[in-house]
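J.: Sharing a structure here in structure tokens format.
The values are calculated or read from the model by the stated rules, or taken from the named source; none is laboratory data. Being a predicted model, the structure only gives us computed values, none of them experimental. Every residue, glycine as well, gets a Cβ built from its backbone with ideal geometry; the counts of neighbours run over all protein chains shown. In case anyone asks, the SASA skips ligands and DNA or RNA and just uses the protein heavy atoms, side chains included. Shrake-Rupley method; radii C 1.70, N 1.55, O 1.52, S 1.80 Å.
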Amino acid sequence: MKKLLIVGGVAAGATAAARARRMDPDLDITVLEAGEDVSFANCGLPYYIAGDIKSRSKLILQSPESFHSQYNVKIKTLTEAVSIDRKGKTVKAINRTTGKEETYSYDKLILSQGGKPFIPGLKGVDKSHVFSLWTLEDMDNINSFIEEKKPRRAVVVGGGFIGLEMVEALTKRGMTVSVIEMAPYVMPLLEGEISASIQEEMEARSVSLYAGKALSSINDGSVTLNDGTEVEADMVLMSVGVRPTLKLAQDAGLELGPSGGLQVNSHLQTSDPDILAGGDMAEINHRVLNKTVRIPLAGPANRQGRIAAHNAISDKPMEYRGSQGTSIVRFFDAVAGSTGINMKQARDAGLDPEAVVIRKENHVGYYPGGKMMTIMLIYQKGSGKLLGAQVSGEAGVDRRLDVLSTAIYGGMTVSDLSELDLAYAPPFGSANDPVNIAGFAAENRISGYSPLITAAELEGAVQGKKVLFLDIRDVFTFRKGHVEGSVNMAAEQVQSQLYSVDRDTPVIVCDDTGKIAHRVVRSLMLEGFGDVTYIGGGYQSLERFERAVGYEAIRVGLSPIEQKSLEEEEASPSAGEAKETAEVKREGKLVVDVRTPEEFEMGAYPGAVNIPLDELPVRLGELGSKDRELVLYCASGARSAYAVRFLVNEGFTKITNGGGIMQMMSQAM
């Protein structure tokens, strides 16, 4: 009987064992696992600490007993492999329960030892209030410490996936949390403005971020940073990265790859063809960079385990075609993720990348509950071939990220995105999905039809030039924050206001999302302006870049971030609760704002009353006599035009459509 020996369980190892049994009912399969648990949901550990997952037992995917019962696989937990005799095809292991040395023979060996959290050798890392999170035992230790010691202040060192998930968990457990991140911003593989969506949520949740700083030492009740800053801490979580477990492979003389992982070929064979490997310890092909890298993610690890098992048994091998590192994180209401490569990785690889950014609601605006999302596409300049994509928002992020991951896997271009036939109904998307819109924007930038720059490119675009920066947002939003020196005017007034401006003047247009700015850029180009562009993603992209990275020569005003708390969210009134409406004067000229109450609260024309378009038929009596002078307006003039037609049909005779809020405010000023 042939023997398959697997060193390491959890993702790749457990998957390999199950796959092998499905392929060969007679194969002798043994799994050596150094820890107590052979298969558990390590990605779920922070959510148990947070209280989102209530039952600890749900994290245990397989026990040694259940694995043996279902798959007839021998599971040896607390058994650490210590050496491989490649010539004799045996593995020596130490049984940590008995302390005895055991020897296991194999025909094929699969290594799936994963990695371990990297703990820097700093003063104080061995203190009892310092933790890392990797196993169920780690989770239990953290949970017990919180319940027994009741810490009030926590420091999380590292702003990656586990770090952010633990920041949320500790906040939910009632702690005031600070984050120490050596990079300029959290989730450093993301572009600055995408990462900043997470940082804004951190600020809203009163989480302190010490970016661009490193931990120097851990003290009793505080930590010290490399600049001397002291941060109070009753508890410290170390989450600064994972290093592959390679001693067993190195001692056996197996070759390592250039990025420090165990080298494997496309069949997941190591330099010894009878030893295969997968998971966090293996170095695999990056589908976009076309070079070997380490991608320590659960999805690739599971698929590698499946293919490694197949190739250990079958004479018809499967090929592992690599990964592109698709990943996503949620921090309270904010979600962000990426697939493929970022701009720096593209440039470092000798590519010529370009990017576009769009902002659009996850579904149609008229259906309730829509949330804005940001999509950044990174593509090869000229050809438009997709290299990477990043998405942030509160809803629908995962769906768009998966579409874009599939597009990159398939070698698609931005033009292919513009033609994708994606599912649409009002609760789920829009006729032109955000992915389609991102494709349109990239096509327009490549062709020059509608020039766009990203927030990261703004400083270079204005350097050495006397640029006219037009901000076409409404005046109330403009006052909350704007680029110093920018000119605020309504989109409808741009052509008339710039009539006498030299057509060679560089013009940059900024709005809320990029949608209206695109339209204004097209109109200016048709008027003969030769150097005109707009900010992809609108003003929020500028704010987010400023928060995460910062401009040197440009001053970007930042809007205040609304604070959030768990207590307020739990006690918040139900949606749609009726609000008192102001009494409408019965005589004289009346200015009516037909926008929604939410829009009205953000800022309105002085003296205007709010009668939303939908409520107009039942509130006609508030308008007074039918010969009263009425001026109606909304955000753009569209809804007020409908209101004017309705009132004319109802017999009102002195009605004017004031257009959009910006047009109205220009008259007031």
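J.: As an exercise: evaluate residue 114 against (1) under 27 Å from residue 388 (Cα atoms); (2) touching a Leu at 6+ places or on another chain (Cβ under 7 Å) and give the number of the one condition it does not meet.
T.: The failed condition is (2).
J.: Within region 596-606, work out how many residues are open to solvent by less than 70 Å² (accessible area, probe 1.4 Å) and over 32 Å from the mean Cα position of the chain (by Cα). If you could, list the steps in order and put the result at the bottom.
T.: From region 596-606, those open to solvent by less than 70 Å² (accessible area, probe 1.4 Å) are 596-597, 599-600, 603-605; that's our starting set.
Within this subset, residues satisfying the condition of being over 32 Å from the mean Cα position of the chain (by Cα) are 604-605.
Summing the residues that are open to solvent by less than 70 Å² (accessible area, probe 1.4 Å) and over 32 Å from the mean Cα position of the chain (by Cα) in region 596-606 gives 2.
J.: Among the residues that make up region 203-214, is at least one of them outside any loop (DSSP other than H, G, I, E, B) and open to solvent by less than 10 Å² (accessible area, probe 1.4 Å)? Please lay out each step first, then the result.
T.: Initial filter on region 203-214 (outside any loop (DSSP other than H, G, I, E, B)): 203-204, 208-211.
Of the ones still in play, those that are also open to solvent by less than 10 Å² (accessible area, probe 1.4 Å) are 204.
Yes, some residue in region 203-214 is outside any loop (DSSP other than H, G, I, E, B) and open to solvent by less than 10 Å² (accessible area, probe 1.4 Å).
J.: Sticking with this one: Which one is modelled with the highest pLDDT, of the residues in region 229-245 that are of a type in the set (A, V, I, L, M, F, W, C) and open to solvent by 20 Å² or more (accessible area, probe 1.4 Å)?
T.: Here the residue is 240.
J.: I've got another one for you. Does any residue of region 645-658 turn out to be closer than 27 Å to residue 488 by Cα, in contact (Cβ under 8 Å) with a residue 12 or more places away in the chain, outside any loop (DSSP other than H, G, I, E, B) and open to solvent by less than 20 Å² (accessible area, probe 1.4 Å)? Show your work before the answer.
T.: Step one: of region 645-658, the residues closer than 27 Å to residue 488 by Cα are 656-658.
From the residues that got through so far, the ones that are in contact (Cβ under 8 Å) with a residue 12 or more places away in the chain too are 656-658.
Filter once more, keeping what is outside any loop (DSSP other than H, G, I, E, B): 656-658.
So of that shortlist, the ones also open to solvent by less than 20 Å² (accessible area, probe 1.4 Å) come out as 658.
Yes, some residue in region 645-658 is closer than 27 Å to residue 488 by Cα, in contact (Cβ under 8 Å) with a residue 12 or more places away in the chain, outside any loop (DSSP other than H, G, I, E, B) and open to solvent by less than 20 Å² (accessible area, probe 1.4 Å).
J.: In this structure, does residue 399 turn out to be open to solvent by 20 Å² or more (accessible area, probe 1.4 Å) and touching a residue at least 40 places away in the same chain (Cβ under 8 Å)? Talk me through it step by step, then tell me what you get.
T.: Working: open to solvent by 20 Å² or more (accessible area, probe 1.4 Å): yes; touching a residue at least 40 places away in the same chain (Cβ under 8 Å): no.
Here the answer is no, as residue 399 does not meet what is asked.
J.: Among the residues that make up region 80-88, is at least one of them open to solvent by less than 30 Å² (accessible area, probe 1.4 Å) and in contact with an Asp or Glu (Cβ under 9 Å, 6 or more places away or on another chain)? Lay out the reasoning, then the answer.
T.: Keep residues of region 80-88 that are open to solvent by less than 30 Å² (accessible area, probe 1.4 Å), which gives 81, 84.
Remaining after also requiring in contact with an Asp or Glu (Cβ under 9 Å, 6 or more places away or on another chain): 84.
Yes, because at least one residue in region 80-88 is open to solvent by less than 30 Å² (accessible area, probe 1.4 Å) and in contact with an Asp or Glu (Cβ under 9 Å, 6 or more places away or on another chain).
J.: Please pick out the residue among 348, 333, 352 that is of a type in the set (Asp, Glu), open to solvent by 20 Å² or more (accessible area, probe 1.4 Å) and in contact (Cβ under 8 Å) with a residue 60 or more places away in the chain. So that I can check it myself, show each step before the final result.
T.: Numbers: 348 fails: in contact (Cβ under 8 Å) with a residue 60 or more places away in the chain; 352 fails: in contact (Cβ under 8 Å) with a residue 60 or more places away in the chain.
Answer to the selection: 333.
J.: Taking the conditions exactly as written (in contact with a Lys or Arg (Cβ under 8 Å, 6 or more places away or on another chain), outside any loop (DSSP other than H, G, I, E, B) and either modelled with pLDDT of 95 or more or not small (Gly, Ala, Ser) (or both)), does residue 309 satisfy them or not? Outline the logic, then answer.
T.: Values: in contact with a Lys or Arg (Cβ under 8 Å, 6 or more places away or on another chain): yes; outside any loop (DSSP other than H, G, I, E, B): yes; either modelled with pLDDT of 95 or more or not small (Gly, Ala, Ser) (or both): yes.
So residue 309 fits the description; yes.
J.: Going through region 457-474 one residue at a time, which ones are hydrophobic (A, V, I, L, M, F, W, C) and either surrounded by fewer than 17 Cβ atoms within 10 Å (Cβ to Cβ) or over 22 Å from residue 657 (Cα atoms) (or both)?
T.: Going through region 457-474, the residues hydrophobic (A, V, I, L, M, F, W, C) turn out to be 458, 461-462, 467-470, 472.
Across region 457-474, the qualifying residues are 458, 461, 462, 467, 468, 469, 470.
Yes/no per residue for (1) in contact with a Phe, Trp or Tyr (Cβ under 8 Å, 6 or more places away or on another chain); (2) part of a loop (DSSP other than H, G, I, E, B); (3) under 24 Å from residue 562 (Cβ atoms); (4) of a type outside the set (Lys, Arg):
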residue: 585; (1), (2), (3), (4): no, yes, no, no
residue: 592; (1), (2), (3), (4): yes, no, no, yes
residue: 598; (1), (2), (3), (4): no, no, yes, yes
residue: 607; (1), (2), (3), (4): no, yes, no, yes
residue: 622; (1), (2), (3), (4): no, no, no, yes
residue: 628; (1), (2), (3), (4): yes, yes, no, no
residue: 633; (1), (2), (3), (4): yes, no, no, yes
residue: 641; (1), (2), (3), (4): no, no, no, yes
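Per-residue answers, yes or no, for (1) open to solvent by 70 Å² or more (accessible area, probe 1.4 Å); (2) among the hydroxyl-bearing types (Ser, Thr, Tyr); (3) at pLDDT below 95:
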{"position": "43", "(1), (2), (3)": "yes, no, yes"}
{"position": "77", "(1), (2), (3)": "no, yes, yes"}
{"position": "104", "(1), (2), (3)": "no, yes, no"}
{"position": "107", "(1), (2), (3)": "no, no, no"}
{"position": "120", "(1), (2), (3)": "no, no, yes"}
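J.: Still on this structure, I have one more. What are the residue pairs meeting all of these: first residue in region 238-261, first residue closer than 24 Å to residue 127 by Cα and of a type in the set (A, V, I, L, M), second residue outside any loop (DSSP other than H, G, I, E, B) and open to solvent by 70 Å² or more (accessible area, probe 1.4 Å), Cβ atoms under 7 Å, and 6 or more apart or on different chains?
T.: Qualifying pairs under 7 Å: 242/116.
J.: Kindly indicate whether residue 34 is in a helix (DSSP H, G or I), modelled with pLDDT under 95 and not β-branched (Val, Ile, Thr).
T.: Values: in a helix (DSSP H, G or I): no; modelled with pLDDT under 95: yes; not β-branched (Val, Ile, Thr): yes.
No: the conditions fail for residue 34.
J.: Condition first: farther than 17 Å from residue 531 by Cα and in contact (Cβ under 8 Å) with a residue 12 or more places away in the chain. Can you find one or more residues in region 497-504 that meet it?
T.: no
J.: Let me ask another. Identify, by number, the condition in (1) crowded, with 19+ Cβ neighbours inside 10 Å; (2) at pLDDT 90 or above that residue 662 doesn't meet.
T.: The failed condition is (2).
J.: While we're here: Name the one entry in 258, 300 that is open to solvent by less than 20 Å² (accessible area, probe 1.4 Å) and on the phi < 0 side of the Ramachandran plot.
T.: Numbers: 258 fails: open to solvent by less than 20 Å² (accessible area, probe 1.4 Å).
Result: 300 is the single residue among 258, 300 that is open to solvent by less than 20 Å² (accessible area, probe 1.4 Å) and on the phi < 0 side of the Ramachandran plot.
J.: Run down 454, 477 and say which single residue is open to solvent by less than 40 Å² (accessible area, probe 1.4 Å), touching a strand residue (DSSP E or B) at 6+ places or on another chain (Cβ under 8 Å) and of a type in the set (Val, Ile, Thr). Steps first, please.
T.: On the way: 477 fails: touching a strand residue (DSSP E or B) at 6+ places or on another chain (Cβ under 8 Å).
From the options 454, 477, the qualifying one is 454.
J.: Suppose we filter region 438-450 for residues that are closer than 24 Å to residue 196 by Cβ and open to solvent by 30 Å² or more (accessible area, probe 1.4 Å); how many remain?
T.: Counting residues in region 438-450 that are closer than 24 Å to residue 196 by Cβ and open to solvent by 30 Å² or more (accessible area, probe 1.4 Å) gives 1.
J.: Going by what's in this entry, would residue 392 be described as more than 16 Å from residue 363 (Cα to Cα), open to solvent by less than 40 Å² (accessible area, probe 1.4 Å) and modelled with pLDDT of 95 or more?
T.: For residue 392, the condition - more than 16 Å from residue 363 (Cα to Cα), open to solvent by less than 40 Å² (accessible area, probe 1.4 Å) and modelled with pLDDT of 95 or more - is not met.
J.: For residue 200, indicate whether it is under 18 Å from residue 180 (Cα atoms) and touching a helix residue (DSSP H, G or I) at 6+ places or on another chain (Cβ under 8 Å). Give the derivation first.
T.: Details: under 18 Å from residue 180 (Cα atoms): yes; touching a helix residue (DSSP H, G or I) at 6+ places or on another chain (Cβ under 8 Å): yes.
Yes: the conditions hold for residue 200.
J.: Here is a further query. Name the pairs: first residue in region 140-167 and closer than 18 Å to residue 222 by Cα and without any contact (Cβ under 8 Å) to a residue 12 or more places away in the chain, second residue open to solvent by less than 50 Å² (accessible area, probe 1.4 Å) and not in a strand (DSSP E or B), Cβ to Cβ under 9 Å, at least 6 apart or on different chains?
T.: 150/234
J.: Which count do you get for residues in region 538-552 that are touching an Asp or Glu at 6+ places or on another chain (Cβ under 6 Å) and open to solvent by 50 Å² or more (accessible area, probe 1.4 Å)? Full working, then the answer.
T.: Residues of region 538-552 that are touching an Asp or Glu at 6+ places or on another chain (Cβ under 6 Å), as a first pass: 538, 541, 544-545, 551.
Filter once more, so that each one left must be open to solvent by 50 Å² or more (accessible area, probe 1.4 Å): none.
Final tally of qualifying residues: 0.
J.: A follow-up question, please. Could you list all residues from region 69-96 that are under 39 Å from the mean Cα position of the chain (by Cα) and of a type outside the set (Phe, Trp, Tyr)?
T.: If the condition is that a residue be under 39 Å from the mean Cα position of the chain (by Cα) and of a type outside the set (Phe, Trp, Tyr), then 70, 73, 75, 76, 77, 78, 79, 80, 81 are the ones that fit.
J.: Just need a number here: residues in region 504-537 that are farther than 19 Å from residue 198 by Cβ and either assigned to a loop (DSSP other than H, G, I, E, B) or in contact with an Asp or Glu (Cβ under 6 Å, 6 or more places away or on another chain) (or both). First the steps, then the outcome.
T.: Taking region 504-537 and keeping what is farther than 19 Å from residue 198 by Cβ, we get 504-536.
Now restrict to residues that are either assigned to a loop (DSSP other than H, G, I, E, B) or in contact with an Asp or Glu (Cβ under 6 Å, 6 or more places away or on another chain) (or both): 504-506, 510-514, 517, 527-531, 536.
Within region 504-537, residues that are farther than 19 Å from residue 198 by Cβ and either assigned to a loop (DSSP other than H, G, I, E, B) or in contact with an Asp or Glu (Cβ under 6 Å, 6 or more places away or on another chain) (or both) number 15.
J.: So how many residues does region 614-635 have that are crowded, with 19+ Cβ neighbours inside 10 Å and within 16 Å of residue 600 (Cα to Cα)? Step through it out loud before you land on a result.
T.: To start, the set of residues in region 614-635 that are crowded, with 19+ Cβ neighbours inside 10 Å comprises 616, 623, 630-634.
Okay, now just the ones that are also within 16 Å of residue 600 (Cα to Cα), so 616, 631-634.
So the count comes out to 5.
J.: So the check is Cβ under 7 Å with 6+ separation or different chains; which pairs have a first residue in region 75-86 that's within 19 Å of residue 275 (Cα to Cα) and a second one that's open to solvent by 60 Å² or more (accessible area, probe 1.4 Å) and part of a strand (DSSP E or B)?
T.: If the second residue must be open to solvent by 60 Å² or more (accessible area, probe 1.4 Å) and part of a strand (DSSP E or B), the pairs left are 82/92; 83/92.
J.: Can you tell me which condition residue 339 does not meet? The list is (1) over 16 Å from residue 387 (Cβ atoms); (2) at pLDDT 95 or above; (3) within 18 Å of the chain's Cα centre (by Cα), and all the others hold.
T.: Every condition holds for residue 339 apart from (1).
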